[in-house]
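Below is one structure; the comments refer to it alone.
The values are calculated or read from the model by the stated rules, or taken from the named source; none is laboratory data. Small disclaimer: the values here were computed from a predicted structure and weren't measured. Just so you know, the surface numbers come from the protein's heavy atoms only, side chains and all, with ligands and any DNA or RNA stripped out. Shrake-Rupley method; radii C 1.70, N 1.55, O 1.52, S 1.80 Å.
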Amino acid sequence: MATSLNLTLFPSQGVLVNPGLPGPARTLPRTKPQRRFLRKGASNLITAKFELKPPPYPLNALEPHMSQATLEFHWGKHHKTYVENLNKQIVGTELEGLSLEDIVVVSYNKGDLLPYFNNAAQAWNHDFFWESMKPGGGGKPSGELLDLIEKDFGSFDQFVEEFKSAAATQFGSGWAWLAYRASEKDKKLEVVKSLNAVNPLVSDYFPLLTIDVWEHAYYLDFQNRRPDYISTFMEKLVSWEAVSARLEKAKVQAAK
Ligand SMILES: [Fe+2]
């Protein structure tokens, strides 16, 4: 039976633990470089500019499952704010000029998640989330992705149950993910969940699919009914083509 790792930040130690396994919580090895970044000399030049990337479909394209109003607030206000704050925070620092993904990885600090980590990770997470959906999505994957899901979770239905459970039980704000764990000898797919802005990039996972379970993601359409939002996401919105393409990329990167 597949194990669902709960990827949770343990604040006092800043490590990722797995409370889902029996016995003491397992510490996942930190495999990405960590550095602290200090401001460079005074500069008034604004050279760091991440753009707010639009979803790959019109803002009304996911209706009736995700409303235009939700997209207008979620992308047009929340996501926009993360990008704007990040641009302000990295001006004049050594983070300036790095890719968004690199900023997430190198700014992840033990138990001390600084504002630019949170904004960079949230900017990255939201790009990834919009691209995890498509109009007319849902259904079932095919090909190698389906084969791997069936191998690692027992069945597609079992995977869906595990993913829904991770998303529903993430206490407070956070994310649930399908991820490719490349460090294992037997590389495999796993369901993980993360708190606030943390994402699998900070560990040895390649993210393949995510759902945003911050309340701002679903309150306008579903109020407090998070499980209904999660079911709608899985049944009507997931872009399995995007997930398959990410799996292909992850396998190439993992082989390097
Ligand atoms: Fe969000």
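Of Leu195, Leu220, Leu209, which has the most accessible area with a 1.4 Å probe, and how do the rest follow in descending order? Mind dumping the intermediate values first?
Working: Leu195 55, Leu220 100, Leu209 0 Å².
Largest to smallest exposure gives the sequence Leu220, Leu195, Leu209.
Phi angles across the stretch 162-177 convert, under the Karplus curve 6.51 cos²θ - 1.76 cosθ + 1.60 with θ = phi - 60°, into 3J(HN,Hα) values of 5, 5, 4, 5, 4, 5, 6, 9, 5, 6, x, 8, x, 9, 10, 9 Hz, Gly and Pro given as x. Per residue, the solvent-accessible area of the stretch 113-256 (1.4 Å probe, heavy atoms of protein chains only, all protein chains present) comes to 38 Å². Residues whose amide H falls under 5 Å from that of Leu208, counting only those 5 or more places apart or on a different chain, are Leu178, Ala179, Tyr180, with hydrogens built in the peptide plane.
For the stretch 227-236, putting each phi into the Karplus relation 6.51 cos²θ - 1.76 cosθ + 1.60 with θ = phi - 60° gives couplings of x, 5, 4, 5, 5, 5, 4, 5, 8, 10 Hz, in residue order, rounded to whole numbers and with x for Gly and Pro.
Oblate is the label for the stretch 142-228, because a/c, from the alpha-carbon gyration tensor with a ≥ b ≥ c as root eigenvalues, is 1.5 or above and a/b does not exceed b/c.
Across the accessible surface of the stretch 164-225, with the other protein chains kept in place and a 1.4 Å probe, carbon and sulfur atoms take up 51 percent.
Rolling a 1.4 Å probe over the protein heavy atoms leaves Trp214 with an accessible area of roughly 60 Å².
Proximity of backbone amide H atoms, modeled 1.01 Å from N, is registered between Asn109 and Leu114 at under 5 Å, excluding neighbours fewer than 5 places apart on the same chain. Here is the tail figure for the stretch 202-256: Cα pairs spaced more than 15 Å apart come to 57 percent of all pairs.
Calculated on the Cα set of the stretch 67-216, radius of gyration then Dmax: 16.3, 50 Å.
What do you reckon, how do Phe171, Phe233 stack up by accessible area (1.4 Å probe), largest on top?
Output order, biggest surface exposure first: Phe171, Phe233.
For Asn196, the residues whose amide H sits under 5 Å from its own are Ser173, Gly174, Trp175, ignoring neighbours fewer than 5 places away on the same chain, with H placed 1.01 Å from N. Between the C-alpha center of the stretch 114-144 and that of the stretch 167-184 there is a gap of 12 Å. Couplings 3J(HN,Hα) for the stretch 245-256, derived from phi with the Karplus relation 6.51 cos²θ - 1.76 cosθ + 1.60 (θ = phi - 60°), are 5, 5, 4, 4, 4, 4, 5, 5, 5, 5, 7, 6 Hz, where x marks Gly and Pro. Expressed as a whole percent, the accessible area of the stretch 70-160 that falls on carbon and sulfur atoms is 50 (1.4 Å probe).
Computed with a 1.4 Å probe on the full set of protein chains, the accessible area for Glu235 sits at about 100 Å².
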